[in-house]
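Asker: Just dropping this structure here.
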Number of protein chains: 2
Amino acid sequence: MYTPGQVAEETGFSIDTLRYYERIGLLERVERNSAGQRRFSEEDVGWLGMVRCLRDTGMPIAEMLRFAALVRDGEETIGDRITLLEAHDQEVEEQIALLRERQTAIRRKIQYYRDVLALRAEVDSDPPLPEPASHKTSEEHASH
Amino acid sequence: MYTPGQVAEETGFSIDTLRYYERIGLLERVERNSAGQRRFSEEDVGWLGMVRCLRDTGMPIAEMLRFAALVRDGEETIGDRITLLEAHDQEVEEQIALLRERQTAIRRKIQYYRDVLALRAEVDSDPPLPEPASHKTSEEHASH
DNA sequence: GGTTGACCTGGAGTGCACTCCAGGTGACAT
DNA sequence: ATGTCACCTGGAGTGCACTCCAGGTCAACC
């Protein structure tokens, strides 16, 4: 049995968020002690671990609620749970791929800036080089 | 010169979003034709490509505005731009690492569900196996 | 017996990033 | 002339996921 503070500590959700999750039904009615304070079970904490995974991977709350409903409805929904999680896994895969792609572009940009600096340093240290006619370098972001 | 519709098409930002970006200064005052309609330059579109990278990798608008300000302030800010982008690149790296980690946990869960199904199929086909005393498998999510 | 400190409730407020709307303009096709 | 289409403006509204608040309850320590 864990106090709200302990669970907040362990799961990284704030106490307010835990209450919020209970209110909207993402967390099943948590037990209380005699004073009406929440006492989270091991199972609650385990479920919150799952919620954390799903949330950190961008699953909207509405879908987590659907998943929670499946879990509540017992073993006969395991097939559906697999389907749901696999679809989500696929989305995570795509998220990562997009991130990597964008990251590559950002790194190219960084390299571009580095090149500009290097070039400037070179020009500053050398006496003016013989330069081809036109100028006006039209700056960067024709990026691709 | 591109019409708003074309830019929306190319960059994936809605026309409303383009207007919004201009309003808040993320996009510099876009040129207009005689009728007051926007005509985006090649440079605008290039910049929007950068904005897309940053946005897709989770950079908040406030920070994109800081970056935009650096770009506006000319070449002497290139060092700062590199610093900013490198910090962001680092964050993207961490994002991806977290995503991968959570994904692994989700996949473990999927596998767990698969095992449950497999086990059930086995039990259903065989006659009841000799089973140790206690029951009530306390269900899943003590995940790890 | 008084003061922390951790918790409770219902409900209101926040921040972010858009998104929508009403009412209007100008260019072009039928 | 009459649509209709793509665009314009300022401002209001939306959706999501929290986060905060006022006022209150217990238990425990000084």
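Asker: So for the protein assembly as shown, taking the charge dipole from beta-carbon charges (+1 Lys/Arg, -1 Asp/Glu), which of B:THR3, B:ALA97, A:THR104 sits furthest toward the positive end?
Answerer: B:THR3
Asker: Shifting gears a bit: Under a point spin-label approximation (7 Å from Cα along Cα-to-Cβ), what is the B:GLN6-B:SER34 distance to one decimal in nm?
Answerer: With each label placed 7 Å out from Cα toward Cβ, I get 1.9 nm.
Asker: Then there's this: In Å and whole numbers, how far do the C-alpha atoms of the protein assembly as shown stretch along each principal axis, longest first?
Answerer: For the protein assembly as shown, the Cα extents along the three principal axes come out at 91, 38, 37 Å.
Asker: So, with +1 on the Cβ of K and R and -1 on the Cβ of D and E, and no other charges, what is the size of the charge dipole of segment B:80-124 about its Cα centre, to the nearest 20 debye?
Answerer: Computed about the Cα centre, the dipole is about 380 debye.
Asker: Please get the size of the charge dipole for chain B, origin at its Cα centre, with Cβ charges of +1 on Lys and Arg and -1 on Asp and Glu, quoted in debye to the nearest 20.
Answerer: Using Cβ point charges on Lys, Arg, Asp and Glu, chain B gives about 460 debye.
Asker: Let me ask something else. Expressed as cubic angstrom per residue, what is the convex hull volume of the alpha carbon set of chain B?
Answerer: Convex hull of Cα atoms, per residue: 176 Å³.
Asker: Taking amide H positions as placed in the peptide plane 1.01 Å from N, state which residues far from B:LEU27 in sequence (5 or more) or on other chains have amide H under 5 Å from it.
Answerer: B:GLU22
Asker: For B:THR3, B:THR104, B:THR57, write out the residues from largest to smallest accessible area, computed with a 1.4 angstrom probe and no ligands counted.
Answerer: So the residues, ranked largest to smallest area, are B:THR104, B:THR3, B:THR57.
Asker: From Cα coordinates alone, what are the radius of gyration and Dmax values for segment A:1-72 in angstrom?
Answerer: 11.7, 37
Asker: For the protein assembly as shown, with only Lys/Arg (+1) and Asp/Glu (-1) charged at the beta-carbon, what is the dipole magnitude about the Cα centre, in debye rounded to 20?
Answerer: Using Cβ point charges on Lys, Arg, Asp and Glu, the protein assembly as shown gives about 800 debye.
Asker: Before I look further, what does the protein assembly as shown give for accessible area per residue, probe 1.4 Å, in whole square angstrom?
Answerer: So the protein assembly as shown comes to 61 Å² accessible per residue, rounded to a whole number.
Asker: For segment A:29-45 and segment B:44-72, what is the centre-to-centre distance using only Cα atoms, to the nearest Å?
Answerer: After rounding, the separation between the Cα centres reads 45 Å.
Asker: Using helices alone, what [θ] at 222 nm do you get for chain B, with -39,500 (n - 2.57) per DSSP H run of 4 or more residues, divided over all residues and rounded to the nearest 500?
Answerer: When only DSSP H runs of four or more count, the value is -22000 deg cm²/dmol.
Asker: Still on this model: How big is the equivalent ellipsoid of segment A:78-126 along its three axes, where each semi-axis is √(5λ) from the Cα gyration tensor, reported in whole Å from largest to smallest?
Answerer: Taking √(5λ) for each Cα gyration eigenvalue gives 47, 5, 4 Å.
Asker: Estimate for me the total accessible surface buried between chains B and A (protein heavy atoms, probe 1.4 Å, no ligands or nucleic acids), in Å² to the nearest 100.
Answerer: Between B and A, the summed buried area is about 4200 Å².
Asker: Right, here's the next one. Which of A:ASP16, A:ASP115, A:ASP89 ends up with the largest GNM mean-square fluctuation for chain A, with Cα atoms connected below 10 Å?
Answerer: A:ASP115
The values are calculated or read from the model by the stated rules, or taken from the named source; none is laboratory data. Keep in mind that what you see is a predicted model, and the values were worked out from it rather than measured. In this analysis, Cβ positions are derived from the backbone assuming ideal geometry, glycine residues included, and neighbour counts consider all displayed protein chains. The protein model used for the area step is the full one, side chains on, heavy atoms only, and it has no ligands, DNA or RNA in it. Shrake-Rupley method; radii C 1.70, N 1.55, O 1.52, S 1.80 Å.
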